[in-house]
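S.K.: My structure is below; once you've seen it, I'll send some questions.
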Amino acid sequence: MTYTGEVRVGGPADVHELKDLMITKIAVGPMDNNAYLLRCRATDEQLLIDAANEAETLLGMIGDDGIASVVTTHQHGDHWQALAAVVAATGARTYAGREDAPGIPVPTDVLVNDGDVITVGRVELTARHLVGHTPGSIALVYDDPHGHPHVFTGDCLFPGGPGRTTNPGDFTSLMDGLEEKIFGPLPDETWIYPGHGNDTTLGAERPQIASWRTRGW
């Protein structure tokens, strides 16, 4: 079946099958958060992005193979409600942006800086530190050697605009980071997996950048 990225709370997961990586997307309540399970096809090692909520749902998706690591994209509570339970059940290493880790009530094993590489089996994900939605949000970039890039943006980029900010300085910082680290170096075909809602591509969003700047959110 063709991957769409359209999932709903209580519904089935959707699986994006790439040559080296399998990406499983699922939605959990009550805030319609997305969680992503990445599986290296060469080694079967798994990594979870955002143990948002519904630990039983996430552990069911993870299955008996477990996970080696779990990355929390940022410190907002709706993105880590199931983290303690998932870590307790799997023994996974925890990763989070250096600036946001103090706001996550589960100890962070690895503090992530801009440009750091996080591996899942033989697959490499490059972290991009984006300041504005929170001080230490991170996006994860998978530069697929067999195709276009894939980016897990947390709450920093959605279809239709950047994530929520609380003041003009934070908005400018987030937009500057998105343009420098995401839109600038990556092509239109880049697939975007956000923290809530449907997926998008950089090509679909790029023409709107000027209007986002003008409206200020």
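S.K.: When the helices in the chain are scored as -39500 (n - 2.57) per DSSP H run of 4 or longer and the sum is shared across all residues, what 222 nm value do you end up with, to the nearest 500 deg cm²/dmol? If you can, show how the numbers build up before the last one.
M.R.: Details: 5 runs with 38 residues, N = 217.
Helix-only estimate at 222 nm: -4500 deg cm²/dmol.
S.K.: Within the stretch 148-191, which residues have the backbone N less than 19 Å from the label spot 7 Å out from Trp217 along Cα→beta-carbon, could you tell me?
M.R.: Taking a point 7 Å out along Cα→Cβ of Trp217, the residues of the stretch 148-191 whose backbone N falls under 19 Å are 155-176.
S.K.: For a protection proxy built on the mean count of beta-carbon atoms within 10 angstrom, sort 147-159, 175-187, 107-119 highest first, please.
M.R.: Output ranking for 147-159, 175-187, 107-119: 147-159, 175-187, 107-119.
S.K.: Nearest 5 is fine: what % of DSSP beta bridges in the stretch 14-215 come out antiparallel, could you say?
M.R.: Looking only at bridges with both residues in the stretch 14-215, the antiparallel portion is about 70 percent.
S.K.: I would also like to ask the following. Please list the non-local residues whose amide H lies under 5 Å from the amide H of Leu21, H modeled 1.01 Å from N, same-chain partners needing a gap of 5 or more.
M.R.: It is Arg41, by chain and number.
S.K.: When a footprinting reagent is the concern and you count Cβ atoms within 10 Å, what order do Val9, Val86, Val70 take, fewest first?
M.R.: On the way: Val9 15, Val86 23, Val70 28.
By the 10 Å Cβ count, ascending, the order reads Val9, Val86, Val70.
S.K.: Report the convex hull volume per residue for the chain, counting only C-alpha atoms, in Å³.
M.R.: Expressed per residue, the convex hull around the Cα atoms of the chain is 111 Å³.
S.K.: Mind giving me the nanometre distance, one decimal, between the label points for Thr172 and Glu124, set 7 Å out from Cα along Cα→Cβ?
M.R.: Those two pseudo-labels are separated by 3.5 nm.
S.K.: Okay, next question. Sticking to Cα atoms, compute the Rg of the stretch 79-194 to one decimal and its Dmax as the biggest Cα-Cα distance, whole number, in Å.
M.R.: Answer for the stretch 79-194, Rg first and Dmax second: 14.5, 41 Å.
S.K.: Rounded if a/c is under 1.5, else prolate if a/b beats b/c, else oblate: with a ≥ b ≥ c from the C-alpha gyration tensor eigenvalues square-rooted, which is the stretch 39-98?
M.R.: oblate
S.K.: Next question. Towards the positive end of the charge dipole of the stretch 32-76, with charges on Cβ (+1 Lys, Arg; -1 Asp, Glu), say which of Gly66, Gln46, Asn33 has the farthest Cα.
M.R.: Of Gly66, Gln46, Asn33, it is Gln46.
S.K.: Right, another one. In the stretch 1-98, which chymotrypsin sites (Phe, Trp or Tyr not before Pro) fall in coil by DSSP and have 16 or fewer other Cβ atoms within 10 Å?
M.R.: Within the stretch 1-98, the qualifying chymotrypsin sites (Phe, Trp or Tyr not before Pro) (loop, at most 16 other Cβ atoms within 10 Å) are Tyr3.
S.K.: If you build the convex hull over the alpha carbons only and average its shadow over all orientations, what do you get for the stretch 1-119? Give it in nm² to one decimal.
M.R.: 7.4
S.K.: By the gyration tensor of its Cα atoms, with a ≥ b ≥ c the square roots of the eigenvalues, what is the shape of the stretch 124-164: rounded for a/c under 1.5, prolate for a/b over b/c, or oblate?
M.R.: Taking the square roots of the gyration eigenvalues as a ≥ b ≥ c, the stretch 124-164 is oblate.
S.K.: Which value, in debye to the nearest 20, gives the size of the charge dipole of the stretch 148-217 about its Cα centre, when Lys and Arg are +1 and Asp and Glu are -1 at the Cβ?
M.R.: Dipole magnitude for the stretch 148-217 comes out near 200 debye.
S.K.: Next question. If I model a spin label at His148 and Glu180 as a point 7 Å from the Cα along the Cα→Cβ vector, what separation in nanometres do I get?
M.R.: 2.6
S.K.: Based on Cβ point charges of +1 for Lys and Arg and -1 for Asp and Glu, what charge dipole magnitude is obtained for the chain about its Cα centre, in debye rounded to the nearest 20?
M.R.: Dipole magnitude for the chain comes out near 260 debye.
Throughout, read-outs are computed from the coordinates displayed, never taken from laboratory work. What you see is a predicted model; the values in this text were computed from it and never measured. Here the Cβ is made from the backbone with ideal geometry for all residues, glycine too, and neighbour counts use every protein chain on show.
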